[in-house]
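Participant: My questions all concern the structure below.
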Amino acid sequence: GGGGGGGGGGVAMARSLPDAESGGAHSWLNAEAPPQSRLEPIAGSEARSGVGTQDSEKRTAVSMISHLSMLRPSNLFARAAAAPSLLAAAPMPQSRLPSQTQGNGERVLPRQGRSRGQKLMRRRTTNLAPVRLVIVRHAQSANKGLASGQRSSSNPALTDLGHEQSEALARRMLMDFGPPGSDRASSLLVVSSPMRRCLLTIEATVLELKLTSDACYCHGACFEYGCAGTKHRGSLASDIKEEFTQFETINFNENGLWDYRGEADKEVEHECRQRGERVAEWLKEEASWMALSRVRGGETATIVLCIHQTFSDLLCHILLEGSSKGWEYGDVSYPLKNACMHEIVLHPDGSATMAAPSLRRHTSLRPRRGC
């Protein structure tokens, strides 16, 4: 699909890279991986002057990635992150700022009430180094497996195939971020939509890597477009925590429900755009700070965000093109198949670039017979 967009500080790449149907792009999830296909830390870069050259430097990085699209995504990411406009990497703080607990038991990172020093610490931390953002689409929804006449669920689980896809995703993540307890695994921050199909998709990864609740968050504003409104406020944070004990809940509303702030019976496009802008800002600020504060042993700060096709497409517009103006429901510019992903670099200057787009052709993630 076409999407407009331009403006802002980002660089869009998904439509300029070779089409995966022709074999030009490479997905580290869907492809058979070579034995040494572990993700590599982002290379640090020297701070350089010359703001006027920033756009040309980004175009050079884009060209470099498109010509190296058959290399491992970790190499693509390292080269994208090594664009000359980046600041030099600095030592990462080893502790996190204190969280607050609301009456509903939800942990939130306070925006107000921070001391000036804490605010400056967060702002400085997010500007130290680039952060890898891996956007994962949920596995196959149980609504896809309904027989004729069966009623669909507003918050479905997964089909049997969906569970196989989530397990395959977990094996892939273990290969690239394991073993459990390593510096690489400890540098991982997992964030999920509050919808069950996303939590069930990424739960297998959380269990495989033995991640603790301080690394796993369910975000109340990351639900799919149109799945909340004044007539349906979503699920309670307390219910989610009871079912998915590995996750802390953040950014739910004062009643412990999803963070829908509109006035329509069912969310409409302009409300979804506003929500997307809020989540994109959260990813570039709080989430990046949280990820960077977890870094150990010189590893790359990585956020794994498990969400939905439409909301993922909106976030890619905002992060890569700098605006949601080019986004329109049903006109997908950054497609994702079930349990596939985009790998994006969040740069210290607030811009973002696509390091490895997902294959457009879905490849079965079920294990081969005899393996």
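Participant: Check 223, 252 and return the single one that is under 15 Å from residue 155 (Cα atoms), buried (at least 24 other Cβ atoms within 10 Å of the Cβ) and in contact (Cβ under 8 Å) with a residue 60 or more places away in the chain.
Facilitator: Within the list 223, 252, the selection yields 223.
Participant: Evaluate the range 126-149: report whether one residue or more is within 22 Å of residue 191 (Cβ to Cβ) and modelled with pLDDT under 50. Talk me through it step by step, then tell me what you get.
Facilitator: Our first condition is that a residue be within 22 Å of residue 191 (Cβ to Cβ); within the range 126-149, this holds for 126-141.
When the remaining residues are screened for being modelled with pLDDT under 50, the result is 126-127.
Yes: the range 126-149 contains one or more residues that are within 22 Å of residue 191 (Cβ to Cβ) and modelled with pLDDT under 50.
Listed here are the residues, each with its yes/no results for (1) part of a helix (DSSP H, G or I); (2) out of contact with any strand residue (DSSP E or B) (no Cβ under 8 Å at 6 or more places or on another chain); (3) among the hydrophobic types (A, V, I, L, M, F, W, C).
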residue: 286; (1), (2), (3): yes, yes, no
residue: 299; (1), (2), (3): no, yes, no
residue: 320; (1), (2), (3): yes, no, yes
residue: 334; (1), (2), (3): no, no, no
residue: 337; (1), (2), (3): no, no, no
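Participant: Ok, one more. Could you list, in sequence order, all residues of the range 191-232 that are in contact with a Cys (Cβ under 8 Å, 6 or more places away or on another chain), in a strand (DSSP E or B) and farther than 18 Å from residue 163 by Cβ?
Facilitator: Within the range 191-232, 191 is the sole residue that qualifies.
Participant: Another question, then. Being touching a Lys or Arg at 6+ places or on another chain (Cβ under 9 Å) and closer than 26 Å to residue 169 by Cβ is the filter; apply it to the range 260-288 and report the residue that is surrounded by the most Cβ atoms within 10 Å (Cβ to Cβ).
Facilitator: Out of the qualifying residues, it is 275.
The values are calculated or read from the model by the stated rules, or taken from the named source; none is laboratory data. Worth saying up front: this structure is predicted, and the values here are computed from it rather than measured. Reconstructed Cβ throughout: ideal geometry from the backbone, glycine too, with neighbour counts over all protein chains shown.
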